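Novice: One structure follows; several queries about it will come next.
The values are calculated or read from the model by the stated rules, or taken from the named source; none is laboratory data. If you're wondering where the values come from, they're calculated on a predicted model, not measured in any experiment. Cβ atoms come from the backbone with ideal geometry, glycine included; neighbour counts cover every protein chain shown.
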Amino acid sequence: MLGAIVEYHPHDFPDGVKSNGAIAFLDRDGVLNIGRAGYVNNTEQMVKLENAGKVVGDLRRLGFRVCVVTNQSALMRGLWNTETLVEIHNHLRLQLLAEDDDAHLDVIITCPHRNIDRCNCRKPMPGMLQIGDAIFRKKLPVNIGLNSEVDVSGDYPKVNWWKNKPKPSDDNDLIVGDRKSDLGAGWAMGLRLFKVPEQVGIDYVSDRVVNFDDRGDSFQPVR
Ligand SMILES: [Mg+2]
């Protein structure tokens, strides 16, 4: 079985900006680009949402690393392959950068699995966030290159959804998503959680994600 697919493009912060130590985890469909009932299957179907580039730029101007985490089970269903995925992502990167020069995505992590694959990376499982955390906090050997795969099955502690929300690696880590599964994965990592309507995406929380006093939405994974 495929592991999670990591596209690693770390980029310097804008001039005069230093890392604030935190990671902004962003869902893709319904957050950065228009989601579709099926999948985004090709570059023509990859259409950025309004102001998504500006908000990603704002996060980087504040010193966040930006890590996209996306479930794309079309891969394991055999509808298309990793090459298509990378083309679609390159198209997204270009659209974001066309809107804002600072809107770099440091890493995009994709879970290719279906529910029946019972992986640890398909959200609400936190495997992709654990990979992002490990990359930026040097817990993984950073020999991660483009399109390398990381198998997270069994390597990480199991989530106890009934306990209190865990402590995050960094108090300002956050996730933006349009589904409960995004919030679940973020909850499992102790993140600040921001839910957005899929028609609006990240612009819906443009003022909130840059405000460190905003501790995010409350969420109970098992109620
Ligand atoms: Mg989504």
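Novice: Looking at Ala52, Ala22 in this structure, which one is away from the ligand (no atom under 16 Å from the Cβ) and within 23 Å of Lys123 (Cβ to Cβ)?
Specialist: Ala22
Novice: Here's something else I'd like to know. Identify, please: which residue in region 176-199 is part of a strand (DSSP E or B) and more than 13 Å from Gly30 (Cβ to Cβ) and is, among those, farthest from the ligand (Cβ to nearest atom)?
Specialist: Filtering region 176-199 for residues that are part of a strand (DSSP E or B) and more than 13 Å from Gly30 (Cβ to Cβ), the one farthest from the ligand (Cβ to nearest atom) comes out as Arg192.
Novice: Here's something else I'd like to know. Filter region 11-44 down to residues that are assigned to a strand (DSSP E or B) and of a type outside the set (S, T, N, Q) and give me whichever is surrounded by the fewest Cβ atoms within 10 Å (Cβ to Cβ).
Specialist: Out of the qualifying residues, it is Asp29.
Novice: Can I ask one more? Name the residues in region 7-29 that are under 12 Å from the mean Cα position of the chain (by Cα) and not aliphatic (A, V, I, L, M), would you?
Specialist: The answer is Glu7, Phe25, Asp27, Arg28, Asp29.
Novice: Filter region 200-217 down to residues that are touching a residue at least 24 places away in the same chain (Cβ under 8 Å) and in a loop (DSSP other than H, G, I, E, B) and give me whichever is nearest to Asn71 (Cα to Cα).
Specialist: The extreme case among them is Val200.
Novice: Taking Ala4, is it at negative phi, away from the ligand (no atom under 16 Å from the Cβ) and under 16 Å from the mean Cα position of the chain (by Cα)?
Specialist: yes
Novice: For region 55-73, give me the residue count where each residue is more than 18 Å from Asn172 (Cβ to Cβ) and either more than 12 Å from the ligand (Cβ to nearest atom) or modelled with pLDDT under 95 (or both).
Specialist: 1
Novice: How about region 150-165: which of its residues are part of a loop (DSSP other than H, G, I, E, B) and at pLDDT 65 or above?
Specialist: Passing the criteria: Pro157, Lys158, Val159, Asn160, Trp161, Trp162, Lys163, Asn164, Lys165.
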